[in-house]
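Q: One structure coming up, written as structure tokens, with questions to follow.
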Amino acid sequence: MSQTTPPAAAHPVPPPIASTAVRATRRAWRRSAREALGAYAFVAPFMILFVALLVIPLGYAGYLSLFREQLVGGSVFAGLDNYRQALDDPLFRDGVLRMARFLLLQVPVMLGAALFFALALDSGRLRFARLIRLGIFIPYAIPSVIAALMWGYLYGPDFGPFAQLARGVGLDAPGFLTPHWILASLGNIVTWEFIGYNMIILFAALQSVPPALYEAAAVDGAGALRVAWHIKIPAIRQALMLCVIFSVIGTFQLFNEPQLLSTIAPQAISTSYTPNMYAYTLVFTNQEVNYSSAVSFLLGAVIVVVSYSVQLASHRRIRRS
């Protein structure tokens, strides 16, 4: 009797390596696609507002700057004539130069004071440090319109407290709102408003400096001044540069303070005192929308050039050091 051997058990054939790799690639692609869609969903609201409120208005303003309104013929294409007119406009040039002088005088004082307060708070030697920090920052929380009105009252030559105090001791009222002093008066308002803002940025940067650097400096016998000059200030150089860039932009965009003070000091602040005031006057008083658009774009170009020049000079100084 012959014995038959059972058939061999069938073993499953493993799938090809290529098909497994394809499926893994597809899963990875789907996962990355879902992550990308989620990221776009989070960014979409900002992008929609950014395009609707900034990109489209800028594009429309650029379009308007290339045209000119005429009594006969209406709106006609002018090319770059509006820009050439703005470059030759003494009112626009004087406003830009005035703000450049304001930048050179006011910004170093403001950032120097902000850096001093930030270093003092970071030293840990001040009593009631939180209260002091809050007191320095509070002026930034006050709207610029309210600040300008408040300081306008303080500067007032008739009913202002400084004028009354001067008359009480037999002196003339201070000329804070005269043409010779108005730029310094504006600088005082802006400095009072933004010292706290810049101080918070610099103080936050100082808090991120590694404590090991201070410990090493203490071992070497460095005092507080040497630590501040050789360790703290170089460590927050990027934060300082950020404050400088913000200050450059804010200086050339100055509008609220001089616009409000012009009502009580019209002999010192004209309608073209700052480039922003000049563009505002062109639109809402002279009805020159096309020319105002060209002035605004040139002002933006000035801000970009000055900001880039400051940043480039800072990078070169860092490389040399």
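Q: Explain nothing, just the number: dipole magnitude of the stretch 88-320 about its Cα centre with +1 on each Lys and Arg Cβ and -1 on each Asp and Glu Cβ, in debye rounded to the nearest 20.
A: Roughly 940 debye, rounded to the nearest 20.
Q: Turning to a different aspect of this structure: Starting from the 7 Å offset along Cα-to-Cβ, what nm value, one decimal, do you get for the label separation of Leu154 and Glu215?
A: Going by the 7 Å Cα→Cβ label model, 4.5 nm.
Q: Let me ask something else. Quick one: net charge of Pro210's neighbours, Cβ under 14 Å, K/R +1, D/E -1?
A: Details: positive: Lys232; negative: Asp122, Glu215.
Within the 14 Å Cβ shell, the charges total -1.
Q: Return the FRET efficiency for the residue pair Val109, Arg26: r is the Cβ-Cβ distance, R0 is 51 Å, and the value is rounded to the nearest 0.05. Don't skip to the end; give the middle numbers.
A: Working: r = 62 Å, r/R0 = 1.22.
Rounded to the nearest 0.05, the efficiency is 0.25.
Q: Another question, then. Once the other residues with Cβ under 13 Å from the Cβ of Ala279 are scored (Lys, Arg +1; Asp, Glu -1), what is the net sum? Don't skip to the answer; put the middle values down first.
A: Details: positive: none; negative: Asp89, Glu288.
Summing Lys and Arg as +1 and Asp and Glu as -1 gives -2.
Q: Moving to a separate point now. Bin width 10 Å, origin at 0, all Cα-Cα pairs of the chain: what percent of pairs per bin?
A: Spelled out bin by bin, the chain gives 5, 17, 21, 20, 15, 9, 4, 3, 2, 2, 1, 1, 0, 0, 0 percent.
Q: If you add up the charges near Gly152, with Lys and Arg at +1 and Asp and Glu at -1, over every other residue whose beta carbon is less than 13 angstrom from its beta carbon, what do you get?
A: Taking every other residue near Gly152 into account, the sum is -2.
Q: Given R₀ = 45 Å, FRET efficiency for Trp181-Val51 by Cβ-Cβ distance, to 0.05? Please report the intermediate quantities before stating the final value.
A: Working: r = 44 Å, r/R0 = 0.98.
Efficiency at R0 = 45 Å is approximately 0.50.
Q: Most fluctuating residue of Phe176, Phe297, Phe159 in a GNM of the chain with Cα springs under 10 Å: which is it?
A: Phe159
Q: If you filter the stretch 102-149 for trypsin sites (Lys or Arg not before Pro), then keep DSSP loop positions with at most 15 other Cβ within 10 Å, what is left? Don't skip to the end; give the middle numbers.
A: Numbers: sites: Arg125, Arg127, Arg130, Arg133; in loops: Arg125, Arg127.
Within the stretch 102-149, the qualifying trypsin sites (Lys or Arg not before Pro) (loop, at most 15 other Cβ atoms within 10 Å) are Arg125, Arg127.
Q: Let me ask something else. If you build a Gaussian network model of the chain, linking Cα atoms that sit under 10 Å apart, which residue out of Ala24, Ala163, Ala114 swings the most?
A: It is Ala24.
Q: Would you kindly derive the ³J(HN,Hα) couplings of the stretch 120-135 from the backbone phi angles with the Karplus curve 6.51 cos²θ - 1.76 cosθ + 1.60 (θ = phi - 60°), listing them in order in whole Hz, with x for Gly and Pro?
A: Values, residue by residue: 5, 5, 6, 5, x, 9, 8, 7, 6, 4, 5, 5, 5, 4, 5, x Hz.
Q: Out of Gly168, Gly160, Gly38, any idea which swings most in a Gaussian network model of the chain, alpha carbons joined below 10 Å?
A: With Cα springs under 10 Å in the chain, the top fluctuation among Gly168, Gly160, Gly38 is at Gly38.
Q: Could you put Ser296, Ser314 in order, starting from the residue whose Cβ has the fewest other Cβ atoms within 10 Å? Please report the intermediate quantities before stating the final value.
A: Working: Ser296 23, Ser314 16.
Neighbour counts put them in this order, fewest first: Ser314, Ser296.
Q: Right, something else. Can you give me the C-alpha center-to-center distance between the stretch 240-302 and the stretch 162-233, rounded to a whole angstrom?
A: Cα centres, the stretch 240-302 to the stretch 162-233: 26 Å.
Q: Same structure, new question: Need one number: nm distance between label points at Glu69 and Ala166, each 7 Å from Cα along Cα→Cβ, rounded to one decimal.
A: According to this spin-label approximation, the distance is 4.3 nm.
Rule-based calculations on the coordinates, nothing more; no lab input. Please read all numbers here as calculations on a predicted model, not as lab measurements. Neighbour counts run over all protein chains shown; Cβ positions are idealised from the backbone, glycine included.
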